[in-house]
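One structure, pasted below without further comment.
The values are calculated or read from the model by the stated rules, or taken from the named source; none is laboratory data. Please read these numbers as outputs of a predicted model, since none were measured by experiment. Counting neighbours? That spans all protein chains shown, and the Cβs are built from the backbone with ideal geometry, glycine included.
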Amino acid sequence: MLGPAAIPEVGLRAQALLQAALATGQARSDVLVGGMALLLVWLTARAVASIVRFVHMYYLRPAIDPRTFGSWAVVTGASEGIGRALSNLLAEKGVNIVLVSLPEPRLHEAAAELESKYGVKTRTVPIDLCRNVGPATFATIRAALEGIEVGTLVNCAGMYQPPAFLEELPDQRIQDMLIINSYVPTMVSYAATKAYLDNLSRSLDAEYAPFGVRVQCIWAAFVATRMTPNLTPSAMCPGPAAWAAAAMRQFGRETVIDPYPLHALVMDAGFKLMPKLSHRNTRRYSDEGRERELRAAGKVMASIQVQGHSPTRHGSPRRRK
Ligand SMILES: NC(=O)c1ccc[n+]([C@@H]2O[C@H](COP(=O)([O-])OP(=O)(O)OC[C@H]3O[C@@H](n4cnc5c(N)ncnc54)[C@H](OP(=O)(O)O)[C@@H]3O)[C@@H](O)[C@H]2O)c1
């Protein structure tokens, strides 16, 4: 039992305890506020560093002169689209070009254009990179490269199949796609085969770096070329010349890069930050392309039936009309 005299002493002790507790609480909240301030500073510094890096990468650093790699470049798919635009930019820098493409008049027209516009030398290799690829193909290419110093290979030959399911495609088309693009149908698997190229490029670049060979995978998102007749050139969807100019600015830099700043910002960031939404959009683009193709071929009903084979997560076709 405490007597009346002890009461002030107890009061003082309680007051001291209360002050200590308050001080501890204050210290805790100080630590918390300090931690949050540090986190904020760190996040801001990271964001600023990313912006500085982006601006430097896409707008400030000088382009590498492609002649430093060698005086000749081999460009596959050089008769059209992106391959043709890149050939022009390389030739503009004084690089001689070996043009590899289908045996069509376009190939020789493209070579003649490079010679007359830029005064460079050209060689043409009219060849089908899908059909009958074998020792004779390689011998033809080797013969065309005889006696020249090839510093750059730009692999641009490719074909695109408007999104379709396997059973809708002619067998020959499937085989051609597999060979030229490592392709399996529908838009999403097209993207997956391009991811294969991404990984292949990273591995080859690492393995061949000690020999002074660079392997670079330059990503293209949407470029308005013959391959994409539904696209019209715009800021978000450049034509081949604008895209190739962006690609040349990144030539020989990062192993894998999307050279077009708007694509890098919007699409890459989109896939990183909102992967589900981005994949859903890709799927919608694929569905729309497929529907358009089927409608053009007068096969709308077939489209609906076939879509029925491919239920979405919810078990029903997504875009019925
Ligand atoms: N356009 C885009 O939005 C986009 C997006 C991502 C990736 N890409 C890729 O970029 C590359 C170029 O596309 P692009 O839009 O410039 O296409 P494009 O305008 O259709 O040009 C394709 C080129 O490849 C050649 N080619 C096609 N099949 C061939 C074969 N069997 N053997 C040899 N050459 C063949 C074509 O020759 P002919 O002229 O004689 O037919 C043409 O020179 C492709 O690999 C494509 O997958 C394009």
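Identify all residues within the range 234-255 that are within 11 Å of the ligand (Cβ to nearest atom), touching a Leu at 6+ places or on another chain (Cβ under 8 Å) and without any contact (Cβ under 8 Å) to a residue 60 or more places away in the chain; write none if there are none.
Cys237
Does Leu107 meet the test of being touching a residue at least 24 places away in the same chain (Cβ under 8 Å) and either more than 16 Å from the ligand (Cβ to nearest atom) or in contact with a strand residue (DSSP E or B) (Cβ under 9 Å, 6 or more places away or on another chain) (or both)?
Taking the combined requirement at face value, the residue satisfies it.
Could you list all residues from the range 192-219 that are part of a helix (DSSP H, G or I) and surrounded by 17 or more Cβ atoms within 10 Å (Cβ to Cβ)?
Within the range 192-219, the subset part of a helix (DSSP H, G or I) is 192-211.
Residues satisfying the conditions are Ser201, Asp205.
Looking at Gly83, is it touching a Ser or Thr at 6+ places or on another chain (Cβ under 7 Å) and either modelled with pLDDT of 95 or more or not in a helix (DSSP H, G or I) (or both)?
On the way: touching a Ser or Thr at 6+ places or on another chain (Cβ under 7 Å): yes; either modelled with pLDDT of 95 or more or not in a helix (DSSP H, G or I) (or both): yes.
When the stated conditions are applied, Gly83 passes them.
So Leu231 passes all but one of these: (1) without any contact (Cβ under 8 Å) to a residue 12 or more places away in the chain; (2) in a loop (DSSP other than H, G, I, E, B); (3) more than 10 Å from the ligand (Cβ to nearest atom). Which condition number does it fail?
Condition not satisfied by Leu231: (3).
For a quick check of your reading: which helices (runs of 4 or more DSSP H) sit entirely within the range 245-321 and have at least 3 residues that are at pLDDT 55 or above and surrounded by 15 or more Cβ atoms within 10 Å (Cβ to Cβ)? Walk me through how you get there before you give the answer.
On the way: elements: 269-273, 275-296, 300-308.
Per the criteria, 275-296.
Now for a different question. Which one of Pro62, Pro66 is buried (at least 20 other Cβ atoms within 10 Å of the Cβ), modelled with pLDDT of 90 or more and under 22 Å from the mean Cα position of the chain (by Cα)?
Pro66
Of the conditions (1) modelled with pLDDT of 90 or more; (2) in a helix (DSSP H, G or I), Arg173 satisfies every one except a single condition; which number is it?
For Arg173, the exception is condition (1).
For the list (1) farther than 12 Å from Ala157 by Cβ; (2) of a type in the set (Asp, Glu); (3) near the ligand (Cβ under 10 Å from one of its atoms), I need the number of the one condition that Glu113 fails.
(3)
Residues checked against (1) surrounded by 16 or more Cβ atoms within 10 Å (Cβ to Cβ); (2) under 26 Å from Thr225 (Cα atoms); (3) aliphatic (A, V, I, L, M); (4) within 8 Å of the ligand (Cβ to nearest atom):
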{"position": "Gly70", "(1), (2), (3), (4)": "no, no, no, no"}
{"position": "Val75", "(1), (2), (3), (4)": "yes, yes, yes, no"}
{"position": "Thr122", "(1), (2), (3), (4)": "yes, yes, no, no"}
{"position": "Ile127", "(1), (2), (3), (4)": "yes, yes, yes, yes"}
{"position": "Val154", "(1), (2), (3), (4)": "yes, yes, yes, no"}
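Which condition from (1) part of a helix (DSSP H, G or I); (2) at pLDDT below 80 is the one that Leu2 breaks?
Here Leu2 meets the rest and fails (1).
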